[in-house]
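So the structure is just underneath, and the comments pick up after that.
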Amino acid sequence: MPKFLSVNIDHIATIREARKVREPEPVAAAILAELAGANGITVHLRQDRRHINDSDVHLLRHTITTSLNLEMAVSQEMVAFAKSVVPNMVTLVPEGANELTTEGGLNVDGRLNEVSEAVSALRSSGILVSLFIDAKVEQVKASRRAGADFIEFHTGPFADAFELHRADALEQELSKLHDQTILATKSGLRVNAGHGLNYRNVKLISSINGIEELNIGHSIISRAALVGIDSAVRDMLALM
Ligand code: PXP
C-alpha cells in the first residue's frame, strides 16, 4: 500500500489563470490539502507557465510544511530554477508544447546523457530526483543508470483501460506495474506512481506492494469543486 499522497494543485492555478486574477491562490489550496492529511504538494512548472508560475513555486517552498515535489522538463533553465528553489523532490517529465497534460513517460533510455546530467546537477543541491517513466524494463534500467532516487510510473494507460472497461488491457497494465515495481525496488530505485488516478481506480493501484507515493491532481481538484459548490452558493446567498 502506498504510504503517501502528494496532491497536485496545478488546476487551482488553471482556474486563477482563466481570469488572470489573484484567486484561487495555490498556496491556500496547498495548506488546506496539508491540513486534510496530504503528505506532499506537487506542482508542474511548465515552460509556457500556463498555470503554476515561478512565484507560486517560491511561495510554496516558504509556506508548506510537508514535501514539495516540482515536476518539470529536462532543460538547463529548469534545472537552474529548481536549484534556486530546492524543492524536496524534482520529478523530470517530458513536455510537449501543445499537449493538454503530460502524454507519456520520459524516454530516459533514449536521452540518457541529458537526463543523467540533470539528475546529477539536482542531486548535488540535495534534491531527490524522480523520473516519470512508462512501466518498461528498458526505462527502469536506464533510470537506474541515470542515478535517479525515484521513478514515478505513468499510470495513464492503466487509468484508460479501467475507464474503458477493457479487462485484458487492465490486467496487462497492472501486471506491468507490478513487475516493474519489483525490478525497480530490487535495483535500488524507490517507486511512485501517478496520472489519471481517481476515486474509482485508486484501490487497484494501492494494492501494488512497493509503490511509496501517489501523485494525484485532476480527480481531487474536480471533486473539490463539486463538493464545495453547496457551501459556496449558500455563502453567497447569505450575503445577498
Ligand atoms: N504525475 C505526473 C508526472 C504528472 O505530470 C501529472 C499531471 O500533471 C500527475 C502525476 C497527476 O495526474 P492527474 O492530474 O491525472 O492526477
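Quick look at the values:
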quantity: Evaluated over region 52-180, the Cα radius of gyration and Dmax, each in Å; calculated: 15.7, 46
quantity: The chain: equivalent-ellipsoid semi-axes (sqrt of 5 x gyration tensor eigenvalues, Cα, Å); calculated: 29, 23, 15
quantity: GNM result for the chain, Cα springs below 10 Å: residue of Asn113, Asn215, Asn53 fluctuating most strongly; calculated: Asn113
quantity: Accessible area (Å², per residue) of region 1-142, counting only protein heavy atoms and a probe of 1.4 Å; calculated: 47 Å²
quantity: Under 30 Å from Lys176, Cα to Cα: lysines that are on another chain or at least 8 residues apart; calculated: Lys3, Lys136, Lys141, Lys186, Lys203
quantity: Reciprocal of mean inverse Cα separation for region 45-127 (Kirkwood radius, Å); calculated: 13.3 Å
quantity: Calculated diffusion of region 1-82, Stokes-Einstein form, Kirkwood radius summed over Cα pairs, 4 °C and 1.567 mPa s, µm²/s; calculated: 99 µm²/s
quantity: Karplus-derived 3J(HN,Hα), 6.51/-1.76/1.60, for each residue of region 129-146, Hz, glycine and proline x; calculated: 10, 10, 10, 7, 10, 6, 6, 10, 3, 5, 6, 5, 5, 5, 5, 5, 5, 6
quantity: Among 154-161, 168-175, the order from most to least packed when residues are scored by Cβ within 10 Å on average; calculated: 154-161, 168-175
quantity: Computed over region 89-165, Cα set: Rg, Dmax in Å; calculated: 13.1, 45
quantity: All Cα pairs of region 162-231, percent lying beyond 17 Å; calculated: 51 percent
quantity: Surface share of carbon and sulfur [accessible, 1.4 angstrom probe, percent] for region 17-71; calculated: 54 percent
quantity: Listed residues Val85, Val191, Val108, most fluctuating in the chain (Gaussian network, C-alpha, under 10 Å); calculated: Val85
quantity: Dipole of the chain, positive direction: furthest Cα of Ile12, Leu106, Leu164, with charges on the beta-carbon; calculated: Ile12
quantity: Relative contact order of the chain, pairs being alpha-carbon contacts under 8 Å that are 6 or more residues apart, as %; calculated: 19 percent
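The values are calculated or read from the model by the stated rules, or taken from the named source; none is laboratory data. These numbers come from a predicted model, not from an experiment. Because the Cβ atoms are built from the backbone with ideal geometry, glycine has one as well, and the counts that use them run over all protein chains shown. Side chains are part of the model used for accessible areas, which takes the heavy atoms of the whole protein and leaves out ligands, DNA and RNA. Shrake-Rupley method; radii C 1.70, N 1.55, O 1.52, S 1.80 Å.
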